[in-house]
Amino acid sequence: MATEATPDRLASDLARELEVMLEIEKFPPPEGFRESALWSDPAIYEEAAADPVAWWTAKSKEVLDWDVEPTEGLNDSNPPFYKWFEDGRINASAQCLDRHVAVGNGERVAYHWRGEEGERRDVTYAELLDSTQRFANALKDLGVEKGDVVGIYLPMIPEVAVAMLACARIGAIHNVVFGGFSAESVRERMEFAEAKALVTVDGARRKGKTAPIKEQVDEEMGDLASLKTIVVVRATGTPCPMTEGRDVFYDEVCAAADPECPAEPMEAEHPLFILYTSGSTASPKGILHTTGGYLTGATTTHKYVFDLKPESDVWWCAADVGWITGHSYIVYGPLANGATSVMWEGAPDYPHQGIWWEIAQETKATILYAAPTAIRTFIKWGADIPARYDLSSLRLLGSVGEPINPKAWLWYHKVIGGERCPIVDTWWQTETGSIMITPLPGITATKPGSATTPFPGVSAEVVDEKDGTPVAEGQGLLMLERPWPSMLRTLYKEDERFVETYFSKFGKDRYLVGDAARRDSDGYFWVIGRIDDVVNVSGHRLSTAEVESAIVAHEKVAEAAVIGQSDPDTGQAICAFVTLNGGVEPSEEVMAGIRDGVAARIGKFARPKRVIWADDLPKTRSGKIMRRLLRDIAEGRALGDVTTLRDPGVMAELEKQVAAERENDD
Ligand code: WTA
């Protein structure tokens, strides 16, 4: 219900916003929420801290039904290669499916799937189990064995969950690539991982248009020797080329397959999946997660961070399955908990800007987990759009992917949550596998913009950049202080890079996150952002080096430097400084060529928002590009120290070029 906007009301709103900005105001759990929350006693933190390994082991046995229960928790004999629950045996797909069907919940809806053109598919647990068994057998028939890597490049359709679970059922390692990545990125990820099979679609829909995915995949995958099979889901009926002896249709192989595929219990440390993510260099990192520990983390956090009651809740994680958020909170966590989820195929503004709220109303969603970038977009579209829908079923809201600014937090709280829903701002990473720093909705008094404190059993610290000593209050590097079950085990086939990236700075028992953060006087964590060359665009992780190498691949480009520039909509945006080859004049055409090149090599979401022509780039005497100065110049700030520049004159030239760019824009 809209409240009348009297001057008093406006003044009190303003005062509250100011208080929030000053970090004074806290939002305790609403009384009604606290009373029925799974966890409402803060003693849980001490209980976990007293013996974290024993606590995690107990949680693991609580949320999962092991085929063979582990007798050990953590094996830390070879840090940083930690192992969890080593002698336990478990099958991830059986945890997500069979055990719910076995206790009579087969008719429960696993996914309320909603398609772009208004299609509805409510997939039950029994149906999902049936499809998974068939596809698992089909994969076996195609020669896929335990330990083989299977690529998955699918849009948001139920088959993406089936494909992941079918791999897990037979011990194949899935390697999902977000549908927004280009076919060239898919190839790279298949090549690195030596994938034996790839599951994709004929075509994928986006906002009323259909992209010929299989055709694009074929252009890139032709000569990849390790890839023996491509399975094509007929999602749109788009005609597509099929190569005899390599390509098969999903529906045909499933129809021909045996309907029963008993789940084989896997070793707890058997690899479950690889997910490539961006780091400081151009080549993506293959984050490897294993079975028992990962499932423990995803399932426990999904249950307790979101206070999940599987019989009554309708859970909606609005991420894409292609990112870690989708792996942990669309597939493994919710299914292992027996939850009913919403799966939305499309964009937030197709067929109209109220589609999310229409779906929430229709499915009676109770918990919504979304990214700040989406919330900022909704703010721009106006509060009158969600106001047209009945959102009273919502009882809890979540945020993930980037820091949420207090203004967006307050809007989310008021306009979407009707001031009755707690907000959990969850900090974590592809590497951590599950949520690490977060409020507990029945316990924590939240502060807008802070992810508050570590989940029970997790220990985080902000440390001094130089010597690693803890910074009690103030800014420093965020570290995780002890191993947790769902942590990455290594970078696929790159053990050395794994140690170097995360454990070389302050020792093998302290995981270097790659984010800067600070703590306030209440001990709350405020994550500031990445300290490495990773840019976070709308919650999508990209490395500046990756984008640079895509730009310099353009024949007319001599050199490029990419930075993340703060952006009111997407959090950060890609800004590229580009030096053209001698004799080439800057033009709209070259600019379009550069942008298209990035889209083709990485994906459309990586296209630079801004291209600044630069005759030269600021470099140190040893030839290193000084990105700090580029950031200053792009954001129009006073320049920092320029004394270490080889040629300080470069900056004056660049400033002129930025001014010229502004004029062109006007
Ligand atoms: C950022 C996404 C502030 C952070 C789950 C991290 C956040 C990176 C938050 C990981 C948050 C994620 N507040 N920053 N609540 N959540 N981040 O691997 O910089 O795609 O290191 O995992 O996103 O991105 P990734």
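General remarks:
- Unmet requirement for Met479, which otherwise passes all of (1) under 30 Å from Glu419 (Cβ atoms); (2) open to solvent by less than 10 Å² (accessible area, probe 1.4 Å): (1)
- Out of Asp390, Asp425, sole residue that is at negative phi, within 11 Å of the ligand (Cβ to nearest atom), free of Cβ contacts under 8 Å to residues at least 40 places away in the same chain and in the same structural domain as Leu368 (by TED's automatic domain parsing): Asp425
- Qualifying residues in the stretch 446-459 (those that are within 13 Å of the ligand (Cβ to nearest atom) and closer than 19 Å to Thr296 by Cα) - the one surrounded by the most Cβ atoms within 10 Å (Cβ to Cβ): Phe455
- Residue count, the stretch 531-557 (criterion: surrounded by fewer than 20 Cβ atoms within 10 Å (Cβ to Cβ), among the hydrophobic types (A, V, I, L, M, F, W, C) and under 23 Å from the mean Cα position of the chain (by Cα)): 2
- The residues of the stretch 361-393 that are surrounded by 22 or more Cβ atoms within 10 Å (Cβ to Cβ) and in contact with a Leu (Cβ under 9 Å, 6 or more places away or on another chain), listed by number, are Ala365, Ile367, Leu368, Tyr369, Ala370.
- Test: residue in the stretch 255-271 that is under 16 Å from Leu165 (Cβ atoms), buried (at least 23 other Cβ atoms within 10 Å of the Cβ) and not acidic (Asp, Glu): yes
- Options Asp532, Asp509, Asp569: the member that is within 16 Å of the ligand (Cβ to nearest atom) and in contact (Cβ under 8 Å) with a residue 24 or more places away in the chain: Asp532
- The set of residues in the stretch 426-445 that are part of a strand (DSSP E or B) and open to solvent by 10 Å² or more (accessible area, probe 1.4 Å) contains only Trp427.
- Cβ-Cβ under 6 Å pairs, at least 6 apart or on other chains, the stretch 536-552 side of a type in the set (A, V, I, L, M, F, W, C), far side part of a strand (DSSP E or B) and open to solvent by 20 Å² or more (accessible area, probe 1.4 Å): Val537/Gln572
- Every listed requirement among (1) closer than 24 Å to Trp526 by Cβ; (2) without any contact (Cβ under 8 Å) to a residue 12 or more places away in the chain; (3) open to solvent by 80 Å² or more (accessible area, probe 1.4 Å) is met by Asp13 save one, (3).
- Scanning the stretch 211-237 for residues that are of a type in the set (Val, Ile, Thr) and open to solvent by less than 30 Å² (accessible area, probe 1.4 Å) turns up Ile213, Val217, Thr229, Ile230, Val231, Val232, Val233.
- In the stretch 563-604, the residues that are farther than 22 Å from Leu654 by Cα, crowded, with 18+ Cβ neighbours inside 10 Å and of a type outside the set (A, V, I, L, M): Thr570, Gly571, Gly597, Arg601, Gly603
The values are calculated or read from the model by the stated rules, or taken from the named source; none is laboratory data. Worth saying up front: this structure is predicted, and the values here are computed from it rather than measured. When we count neighbours, we look across all protein chains shown, and the Cβ atoms used for this are built from the backbone with ideal geometry, even at glycine. The protein model used for the area step is the full one, side chains on, heavy atoms only, and it has no ligands, DNA or RNA in it. Shrake-Rupley method; radii C 1.70, N 1.55, O 1.52, S 1.80 Å.
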